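> Sharing a structure with you now.
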Amino acid sequence: MTRTAVFPPNRHALYEKHGYSAAIRSGDLLFVSGQVGSREDGSPEPTYEGQVERAFENLKAVLGAAGATLDDIIDVTSFHTDPEAQFDAFMAVKDRVFDTKPYPNWTAIGVNWLAGFDFEIKVIARVPAQD
C-alpha cells in the first residue's frame, strides 16, 4: 500500500517548522500526527482550555481533509503536561466534542514537555469509502 500525506487547507506553521505531515493515509486508515492548540502561525493559545479546544479544531480540520470526521476515530492518545490539575478543563472540552456513544478508545499520558504546549492529541481513524 502507498502512503499519502494529508494536510488541512489552512495548515499551521508547525508542519513545516518541524518537518512532519499532519496525517498519513494508508488504505482506509488515517494516522493523524499529534495536534496541539496552535494557531496558524504556530503560536499556542494562551490558556490550557483554549489549547485543548484549538487542538480539537485542528484535529477536525485534518480529519476533514481526508474525508473523515470525529465519528471515524478508532484510537486516541492524548498527552498532558499536568494531568491532575488539567483534568476538569480537559474533560469539559472532551465531553463537548465526544458527546455520543460509542466513544473511541482512549489512552491519556502525562508528559513533562510538549514543545511549548500543554496538550496534544493524536488519533487513528478509518476513512469512509468515497462514493
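The values are calculated or read from the model by the stated rules, or taken from the named source; none is laboratory data. Keep in mind the model is a prediction, meaning the values are calculated, not measured. Note: ideal-geometry Cβ built from the backbone for every residue, glycine included; neighbour counts use all protein chains shown. Ligands, DNA and RNA are excluded from the accessible area calculation, which covers all protein heavy atoms including side chains. Shrake-Rupley method; radii C 1.70, N 1.55, O 1.52, S 1.80 Å.
> Across the range 1-13, which residue is surrounded by the most Cβ atoms within 10 Å (Cβ to Cβ) among those that are without any contact (Cβ under 8 Å) to a residue 40 or more places away in the chain and among the hydrophobic types (A, V, I, L, M, F, W, C)?
Within the range 1-13, the subset without any contact (Cβ under 8 Å) to a residue 40 or more places away in the chain is 1-5, 11, 13.
Still in the running and among the hydrophobic types (A, V, I, L, M, F, W, C): 1, 5, 13.
Values: Met1: 8, Ala5: 11, Ala13: 13.
For the range 1-13, the residue satisfying everything is Ala13.
> Keeping to the range 43-69, report how many residues are at pLDDT below 95 and more than 24 Å from Ala89 (Cβ to Cβ).
0
> Can you find even one residue in the range 39-52 that is over 18 Å from Phe117 (Cα atoms) and either touching an Asp or Glu at 6+ places or on another chain (Cβ under 6 Å) or open to solvent by less than 20 Å² (accessible area, probe 1.4 Å) (or both)? First the steps, then the outcome.
Pass one, the range 39-52, residues over 18 Å from Phe117 (Cα atoms): none.
There is no residue in the range 39-52 that is over 18 Å from Phe117 (Cα atoms) and either touching an Asp or Glu at 6+ places or on another chain (Cβ under 6 Å) or open to solvent by less than 20 Å² (accessible area, probe 1.4 Å) (or both).
> Moving on. Could you list, in sequence order, all residues of the range 64-80 that are part of a strand (DSSP E or B) and under 16 Å from Tyr103 (Cβ atoms)? Don't jump to the end; show me each part of the working.
So the first thing to find is which residues in the range 64-80 are part of a strand (DSSP E or B), and the list is 73-80.
Once the filter is applied, which keeps residues that are part of a strand (DSSP E or B) and under 16 Å from Tyr103 (Cβ atoms), the range 64-80 yields Ile73, Ile74, Asp75, Val76, Thr77, Ser78.
> Just to check your reading of the model, which residue among Ser21, Ser33 is among the small types (Gly, Ala, Ser), at pLDDT below 95, open to solvent by 30 Å² or more (accessible area, probe 1.4 Å) and in contact with a Ser or Thr (Cβ under 7 Å, 6 or more places away or on another chain)? Steps first, answer last, please.
Working: Ser33 fails: at pLDDT below 95.
Sole residue among the options that is among the small types (Gly, Ala, Ser), at pLDDT below 95, open to solvent by 30 Å² or more (accessible area, probe 1.4 Å) and in contact with a Ser or Thr (Cβ under 7 Å, 6 or more places away or on another chain): Ser21.
> Let me ask something else about it. Filtering the range 115-129 down to residues that are part of a strand (DSSP E or B) and open to solvent by 60 Å² or more (accessible area, probe 1.4 Å), which residue is farthest from Ser33 (Cα to Cα)? Break it down into steps so the answer makes sense when it comes.
As a first pass, look at the range 115-129 and keep what is part of a strand (DSSP E or B): 119-126.
Next cut, open to solvent by 60 Å² or more (accessible area, probe 1.4 Å) only: 122, 126.
Values: Lys122: 5, Arg126: 15 Å.
Step by step, filter the range 115-129, then rank; the result is Arg126.
> Continuing with this model, one more query. With (1) modelled with pLDDT under 95; (2) under 16 Å from the mean Cα position of the chain (by Cα); (3) closer than 25 Å to Pro128 by Cβ; (4) outside any helix (DSSP H, G or I) as the list, and Glu40 as the residue in question, which single condition is left unmet?
(3)
> Also: Take the residues in the range 76-114 that are free of Cβ contacts under 8 Å to residues at least 24 places away in the same chain and of a type in the set (A, V, I, L, M); name whichever of them is most open to solvent (accessible area, probe 1.4 Å).
Per the stated criteria, the residue is Ala85.
> Tell me, yes or no, whether the range 23-36 has at least one residue that is among the basic types (Lys, Arg), in contact (Cβ under 8 Å) with a residue 12 or more places away in the chain and within 20 Å of Thr81 (Cβ to Cβ).
First pass over the range 23-36, keeping only residues among the basic types (Lys, Arg): 25.
Checking which are in contact (Cβ under 8 Å) with a residue 12 or more places away in the chain leaves us with 25.
Checking the rest, the ones that are also within 20 Å of Thr81 (Cβ to Cβ) come to none.
Checking the range 23-36: not a single residue is among the basic types (Lys, Arg), in contact (Cβ under 8 Å) with a residue 12 or more places away in the chain and within 20 Å of Thr81 (Cβ to Cβ).
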